[in-house]
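Notes follow once the structure below has been shown.
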Amino acid sequence: MSETLGSCIGLISLGVAITVIVFTVRIYNDTKQTNPLNFYDEILHKENQLSFDGPPQDPVLNDLGKYCQCGEEILNNICSEEQIISGCYDVSKKDEKALIRRLSDLNCDSINKDLETKKYGEVFKLNYGTVNNMALGILIIYCIILGMLFLSFVLGCGAICCPEQILGILMLLSPIFFILGLVIGVGDLVLHIILMVYYYKGRGTGEFLDYYNDSKCMTPNRMTDVIRKAYDKLDHIDSEMTAFVALNFIGIALNYLSSFCSKKKKEN
């Protein structure tokens with residue numbers, strides 16, 4: 001019974017390990033940009049230059065309290081004749097009290113104040129440079145592990161025809177494999193911890209998603225298609241990261257169960 005359970009846990013652990021590798025690759029690919037918001041900031045800046053008749057105004061300082069809505073996008077100026085002809089129309093400013101709200105876990109007024117003078121990429125520090133480097137380090141460790149497994153498989157096949165020679169090679173390699181295994185185990189754990197700490201550190205992806213999702217926090221003039229695209233990308237990365245963290249904890253639990261089953265097997 002314990003042997004069957006141990007085999008099942010081993011297979012599940014292998015599946016989890018492969019899935020973790022897949023998500024690590026995805027996180028590495030999706031965090032190659034140090035801060036994806038910088039890319040959308042540039043697009044937003046260009047759109048604003050094309051949309052505004054003059055220099056951009058701060059929405060809170062707009063004394064007329066009017067904005068120009070073109071489709072789903074709300075521009076920080078009164079509609080020009082050309083914009084009205086194209087189907088745009090003036091909309092009233094929201095109650096100023098609704099522009100600044102404090103939530104229990106999100107400081108909206110602080111973020112909105114920062115966004116008056118700074119870009120999204122400057123306000124939200126995503127730390128993707130460190131996350132990307134840690135993901136690369138984890139992938140390198142996985143490649144080393146696969147190389148060790150492949151070498152062990154080759155030596156096992158060689159033992160069938162040349163057992164004495166292979167035994168001598170194994171005796172030489174065993175201390176190296178042992179030390180390398182310890183270094184890899186500790187290194188993998190450290191890289192995972194650093195990756196998670198820097199991803200969830202400070203005003204990062206999660207806070208940007210919370211800020212965007214809360215209508216009390218995200219002012220209407222900031223709701224543009226460009227920011228929506230930024231949200232979709234970061235939400236996708238956040239989903240991958242959530243799965244990555246969950247799978248790692250599941251893998252730890254399965255490894256513990258596997259060790260427990262192996263210990264019971266030896267006792268029997």
Legend entry - Odd one out for C161, checked against (1) touching a helix residue (DSSP H, G or I) at 6+ places or on another chain (Cβ under 8 Å); (2) modelled with pLDDT under 90: (1)
Inset, instruction - Name the one entry in V197, V226, V245 that is without any contact (Cβ under 8 Å) to a residue 12 or more places away in the chain, surrounded by 13 or more Cβ atoms within 10 Å (Cβ to Cβ) and β-branched (V, I, T). - result: V197
Inset, instruction - Scan region 13-40 and report the pairs whose first residue is within 17 Å of S239 (Cα to Cα) and free of Cβ contacts under 8 Å to residues at least 24 places away in the same chain and whose second residue is in a helix (DSSP H, G or I) and of a type in the set (A, V, I, L, M), with Cβ atoms within less than 7 Å and a gap of 6+ or a chain change. - result: none
Legend entry - region 124-138 residues that are within 18 Å of V22 (Cα to Cα), paired with ones that are hydroxyl-bearing (S, T, Y) and in a helix (DSSP H, G or I) (beta carbon under 8 Å, 6 or more apart): V131/Y198; V131/Y199; N132/Y28; M134/Y198; A135/T24; A135/Y28; L136/Y28; I138/T24
Inset, instruction - Provide a single number: the residues in region 200-223 that are crowded, with 17+ Cβ neighbours inside 10 Å and at positive phi. - result: 0
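Matching residues to (1) under 15 Å from the mean Cα position of the chain (by Cα); (2) modelled with pLDDT of 90 or more; (3) in a loop (DSSP other than H, G, I, E, B):
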residue: I184; (1), (2), (3): no, yes, no
residue: V190; (1), (2), (3): no, yes, no
residue: G202; (1), (2), (3): yes, no, yes
residue: C217; (1), (2), (3): no, no, yes
residue: N221; (1), (2), (3): no, no, no
residue: I227; (1), (2), (3): no, no, no
residue: D235; (1), (2), (3): yes, yes, no
residue: E240; (1), (2), (3): yes, yes, no
residue: N248; (1), (2), (3): yes, yes, no
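The values are calculated or read from the model by the stated rules, or taken from the named source; none is laboratory data. Just so you know, these numbers come straight off a predicted model, no measurement behind them. Cβ sites come from the backbone with ideal geometry, for glycine too, and all protein chains shown count toward neighbours.
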